[in-house]
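The values are calculated or read from the model by the stated rules, or taken from the named source; none is laboratory data. Please read all numbers here as calculations on a predicted model, not as lab measurements. Cβ placement follows ideal geometry from the backbone for every residue including glycine, while neighbour counts extend to all protein chains displayed.
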Amino acid sequence: MRAAVVVFPGSNCDHDTYYVLKDLLGIETDLLWYRETQLDRYDLIVLPGGFSYGDYLRAGAIARFAPVVQALPEYVAKSRGIVLGICNGFQILTEAGLLPGALTRNISQKFICKTVKLRVENNATPLTQLFEYGEIIELPIAHGEGRYLAPQETLERLKRNRQILLKYYGENPNGSMENIAAIMDETGTVFGMMPHPERNSERIFGTGDGLKIFQSLVGALGFVRV
Amino acid sequence: MKEFLIRVLVEPKPELLDPQGQAVERALIELGLKNVRETRVGKLIKFKLKAISASQARHKVTEIAQRFLANPVIERFSVEVEEL
């Protein structure tokens with residue numbers, strides 16, 4: 001198995017994500033420069049957190065035209081592998097139209113950096129298969145623009161297709177519709193989440209729930225960790 | 001070719017909550033502008049563009065505003081074209 005963590009100008013969670021995949025899970029992982037377009041050798045592509053292009057215009061609005069993102073629709077169309085967008089990566093995937101909806105300014109107008117509780121809404125997906133349905137997990141969030149918005153018919157479709165994977169539990173930190181924290185596309189191969197699994201992948205940083213997100217993906221791809 | 005000054009005004013869709021507009025409105029009232037309402041905060045993107053005609057300029061800018069300058073899920077925009 002081979003994974004890629006994309007590096008945009010302004011990414012800042014790329015090395016943490018690389019560390020989890022490479023050092024904690026032992027997966028062959030490349031840091032992939034945003035100008036690359038050869039994606040076929042990767043089973044998993046992660047768009048990491050950060051502030052690509054300084055979040056200018058809108059978070060993700062400029063990164064979505066980067067060559068690597070322009071190459072993603074073809075990668076997805078042929079079901080080559082899994083795409084995961086974390087935080088800024090999620091924002092980029094919505095801007096690119098690979099995930100529905102949009103991520104807007106937190107309702108409090110504040111950047112929020114803290115650990116939140118999340119409820120697993122669907123555990124029959126590559127991202128969440130190692131969790132129990134309804135399980136409450138903990139992951140950190142760190143964003144100023146994480147309020148998930150979508151037209152009503154999109155929300156209905158997400159619910160009907162069980163594309164909502166994680167919801168904020170107990171409190172809704174950013175004002176997201178339906179408390180949405182993570183979704184997937186209709187193909188079940190493109191995932192977006194505002195919380196940062198890479199920041200809670202070792203017990204020293206909390207519950208370690210984040211590692212199970214990555215282990216779920218690796219397991220779903222058919223690569224069993226040795 | 002003529003040159004035009006283009007102004008693209010982007011604002012949150014009217015049906016969406018605009019927390020930034022709300023915060024600004026509270027401050028406006030605090031500062032004595034008592035009768036203010038429906039404050040919205042958007043952005044202005046301004047540039048010069050060479051084109052054959054004003055309508056061609058408008059057409060090109062509108063197309064790219066839909067794809068890039070505004071996000072149709074959450075924003076609407078208008079385009080102003082002024083010949084220089």
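Observations
- Residue that is nearest to the chain's Cα centre (by Cα), among those in the range A:170-184 that are surrounded by fewer than 18 Cβ atoms within 10 Å (Cβ to Cβ) and more than 14 Å from every other protein chain (Cβ to nearest Cβ): A:Glu178
- Some residue of the range B:56-66 being exposed (fewer than 14 other Cβ atoms within 10 Å of the Cβ), in contact (Cβ under 8 Å) with a residue 24 or more places away in the chain and over 21 Å from A:Arg58 (Cα atoms): no
- Test: residue in the range A:64-81 that is touching a residue at least 24 places away in the same chain (Cβ under 8 Å) and farther than 28 Å from A:Phe223 by Cβ: yes
- Residue among B:Val8, B:Val79 that alone is in contact (Cβ under 8 Å) with a residue 60 or more places away in the chain, within 14 Å of another protein chain (Cβ to nearest Cβ) and either of a type in the set (A, V, I, L, M, F, W, C) or assigned to a strand (DSSP E or B) (or both): B:Val8
- A:Gly89 being at pLDDT 95 or above, away from chain B (no Cβ under 14 Å), in a helix (DSSP H, G or I) and surrounded by 20 or more Cβ atoms within 10 Å (Cβ to Cβ): yes
- Total residues in the range A:180-204, condition without any contact (Cβ under 8 Å) to a residue 40 or more places away in the chain and in a helix (DSSP H, G or I): 2
- Among all positions in the range A:40-53, there is at least one residue which is within 13 Å of chain B (Cβ to nearest Cβ) and either assigned to a helix (DSSP H, G or I) or farther than 20 Å from B:Leu69 by Cβ (or both).
- Tally of residues being within 14 Å of chain A (Cβ to nearest Cβ) and surrounded by 14 or more Cβ atoms within 10 Å (Cβ to Cβ) across the range B:32-51: 6
- Filter pass, B:Ile29 being within 14 Å of another protein chain (Cβ to nearest Cβ) and either touching a residue at least 24 places away in the same chain (Cβ under 8 Å) or hydrophobic (A, V, I, L, M, F, W, C) (or both): no
- Scan of the range A:93-114 for residues that are under 14 Å from A:Asp55 (Cα atoms), part of a loop (DSSP other than H, G, I, E, B) and within 11 Å of another protein chain (Cβ to nearest Cβ), ordered by number: A:Arg105
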